[in-house]
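Accompanying notes for the structure given below.
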Amino acid sequence: MKEIELKMQGDIKRLTNKTFKFDERVGEGWFSAVYFLKTREIAEKYKSNDIVTMQFFQKKHSVLCGTDEVIALIKTFAKNPEELEIYSLEDGDKIEPYETVLMITGPYQYFGHLEGLIDGIFARRTSVATNVYNVVKAARISGTQKPVIFMGDRDDHFTQQAGDGYSAYIGGSKAQATHAMSEWWGKKGMGTMPHALIQLFEGDVVAASKAYQETYPEDDLMTLVDYNNDVITDSLKVAREFGEDLKGVRIDTSNNMVDQHFCRHPEVMGAFDPRGVNSELVFALRNALDAEGYHHVKILASGGFTAEKISEYESMGVPVDIYGVGSSLLNIHIGFTGDNVKINNKDEAKAGRYYRPNPRLEKA
C-alpha cells in the first residue's frame, strides 16, 4: 500500500522517505551550498549550545506544496532530528504573501545546511501546484469542472516527474501522462496516441485508430486528428468508422499552422488568428460532429494552453471538453526564503526580517 493511502486513512500524518527516496548524498552535503556547510562547521566549533529559530515564507498568494517532502528531508538528514522542534502547514493549504509555512528550532549545525534544499523543494512544488490549481479553476468557469490532463513530461528533466506529478495532484489534476507522475500519489499514467502512431500508418488516422482499438480494447478510443492539418475531415472519418466507440478527438495543431478548414472557408478569416488550436476551429469541429449526430464525441484540446487561455475559452463557451496542458504548468515562479529570526529565544534577524508567528502551523 502506498503511503498516500495510509495518510488518507489517517494511519500516518506525513509522507516519508519511503515515498520520496532521497539521494543519499544529501547527507554528505553534496547538494548544499558550500557557505552553509562552512557555517555549520563554524557553528559546531563556536556556537554549539545556541538555539536558533528559522522560518520559511514566500511572497505570493499560492497553493503550498512540499511540506511532507521537506519534513521527510529534515528527519532523514538533520543531525539529531528528534531534538528539533518543527512546525509546518500542510500540502494543499492556501497561503498568503509572507506567511510562515515552516518553522524549525534547534542548534543551527543540526539542520542549517538544508536551508537551500528546503527553499528549492518548496519553490518547485508550490509553483507547480499553484499553476495547476489556477488552470483547474479556469476549467470550471462555465459551471462544469472540465478535466485537465497534466502533460509535462517533455518540458523538463524526467527525474522531476514524480514530484511534479504529486504537485499537480495537490493542485487538482488527477489525469497525468506518465506512470512516474503518479508514483507518489497512486494512479497510473494515461494517454492514447501520439503523432508517431499515425505516422507509422502513413497518416491514415482510421487505420491507426483500428490498430489502437484492437491492441487496447479496454481503453476509451480518443483519436489525435491534426496530423494531416485537417481536423474536421479526419474527425468525421473516424466518427463514421467507429460510431459510438469513438469517445473523443484531440486537436494539437501547431501554432505555426493554419488548418485546412480555413483554407476551404476563407470567408471566415480576418477577425482572429487562425493558427494553431483556436476557438473558431473548435467551434467548427463541434458543429461538424453534431451535424452528423456525433454529439457524444468529446473534444480534447492541447498545445499552448495556460490558465489565461482556458479562462478565455470558458468565458466564450468554446466547446472543449478536456484540456491537455504541459509547459505552462512547470513555470517555477514562486521563490521561498529561509531566515533565522531568533537566537536563544531572543529576536535576532537581518534588517527587514523578523519573527512571524502563524497560528495555523502544526507540530510535525
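The values are calculated or read from the model by the stated rules, or taken from the named source; none is laboratory data. A quick note: this is a predicted structure, and the numbers were derived from the prediction, not measured. Methodologically, a virtual Cβ is constructed for each residue, glycine included, from the backbone with ideal geometry; neighbour enumeration extends over all protein chains shown. With ligands, DNA and RNA removed, areas are computed over all heavy atoms of the protein, side chains included. Shrake-Rupley method; radii C 1.70, N 1.55, O 1.52, S 1.80 Å.
Kindly evaluate residue 191 against the criterion of being at pLDDT below 95 and out of contact with any helix residue (DSSP H, G or I) (no Cβ under 8 Å at 6 or more places or on another chain). Yes; evaluated as a whole, the condition is true for this residue. A single entry from 345, 331 fulfils the requirement of being exposed (fewer than 15 other Cβ atoms within 10 Å of the Cβ) and under 21 Å from the mean Cα position of the chain (by Cα): 331.
If you go through the stretch 115-148 and keep only what is farther than 20 Å from residue 92 by Cβ, among the hydrophobic types (A, V, I, L, M, F, W, C) and modelled with pLDDT of 95 or more, you end up with just 117. Being hydrophobic (A, V, I, L, M, F, W, C) and either part of a helix (DSSP H, G or I) or out of contact with any Lys or Arg (no Cβ under 9 Å at 6 or more places or on another chain) (or both) is a description that applies to residue 104.
Contact map, the stretch 191-207: residues that are touching a residue at least 12 places away in the same chain (Cβ under 8 Å) paired with residues that are in a helix (DSSP H, G or I) and not aliphatic (A, V, I, L, M), Cβ distance under 6 Å, separation 6+ or inter-chain. Pairs shown: 193/212; 205/234; 206/237; 206/241.
Within the set 32, 62, the sole residue that is within 29 Å of residue 136 (Cα to Cα), touching a helix residue (DSSP H, G or I) at 6+ places or on another chain (Cβ under 6 Å) and not basic (Lys, Arg) turns out to be 62.
For the stretch 68-101, a residue qualifies if it is under 20 Å from residue 340 (Cβ atoms) and assigned to a loop (DSSP other than H, G, I, E, B), and the qualifying residues are 78, 79, 80, 84, 89, 98, 99, 100, 101. Of everything in the stretch 1-46 that is hydroxyl-bearing (Ser, Thr, Tyr) and crowded, with 16+ Cβ neighbours inside 10 Å, the residue that is farthest from the chain's Cα centre (by Cα) is 39.
Considering every residue within the stretch 278-301, establish whether at least one is within 30 Å of residue 85 (Cα to Cα), at pLDDT 95 or above and small (Gly, Ala, Ser). No, every residue in the stretch 278-301 fails to be within 30 Å of residue 85 (Cα to Cα), at pLDDT 95 or above and small (Gly, Ala, Ser). Given the condition buried (at least 19 other Cβ atoms within 10 Å of the Cβ) and more than 20 Å from residue 323 (Cα to Cα), answer yes or no: does some residue in the stretch 126-144 qualify? Yes: one or more hits. The combined condition, being β-branched (Val, Ile, Thr), surrounded by fewer than 19 Cβ atoms within 10 Å (Cβ to Cβ) and at pLDDT below 95, is fulfilled by residue 159. Residues being over 24 Å from residue 244 (Cβ atoms), outside any loop (DSSP other than H, G, I, E, B) and of a type in the set (Ser, Thr, Tyr) are entirely absent from the stretch 341-363. Cβ-Cβ distances below 7 Å connect the following pairs, each with a first residue in the stretch 65-88 that is under 9 Å from residue 111 (Cβ atoms), a second residue that is open to solvent by 60 Å² or more (accessible area, probe 1.4 Å), and a separation of six or more residues or different chains: 81/75. When the helices (runs of 4 or more DSSP H) confined to the stretch 203-298 are screened for residues that are open to solvent by less than 30 Å² (accessible area, probe 1.4 Å) and in contact with a helix residue (DSSP H, G or I) (Cβ under 7 Å, 6 or more places away or on another chain), those reaching at least 3 such residues are found at 205-215, 231-242, 279-291.
Selection of the stretch 348-364 for residues being in contact (Cβ under 8 Å) with a residue 12 or more places away in the chain and open to solvent by 30 Å² or more (accessible area, probe 1.4 Å) yields 353, 354, 355, 356, 357, 360, 362, 363, 364. Taken over the stretch 181-190, the criterion of being open to solvent by less than 40 Å² (accessible area, probe 1.4 Å) and either in contact (Cβ under 8 Å) with a residue 24 or more places away in the chain or in contact with a Lys or Arg (Cβ under 8 Å, 6 or more places away or on another chain) (or both) is satisfied by 181, 182, 184, 185, 186.
Rundown of residues vs (1) buried (at least 23 other Cβ atoms within 10 Å of the Cβ); (2) under 25 Å from residue 2 (Cα atoms), yes/no style:
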residue	(1), (2)
67	yes, yes
71	no, yes
80	no, no
86	no, yes
93	no, yes
99	no, no
111	yes, no
119	no, no
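Scanning the stretch 301-328 for residues that are open to solvent by less than 50 Å² (accessible area, probe 1.4 Å), in a helix (DSSP H, G or I) and over 17 Å from residue 173 (Cα atoms) yields 309, 313, 314.
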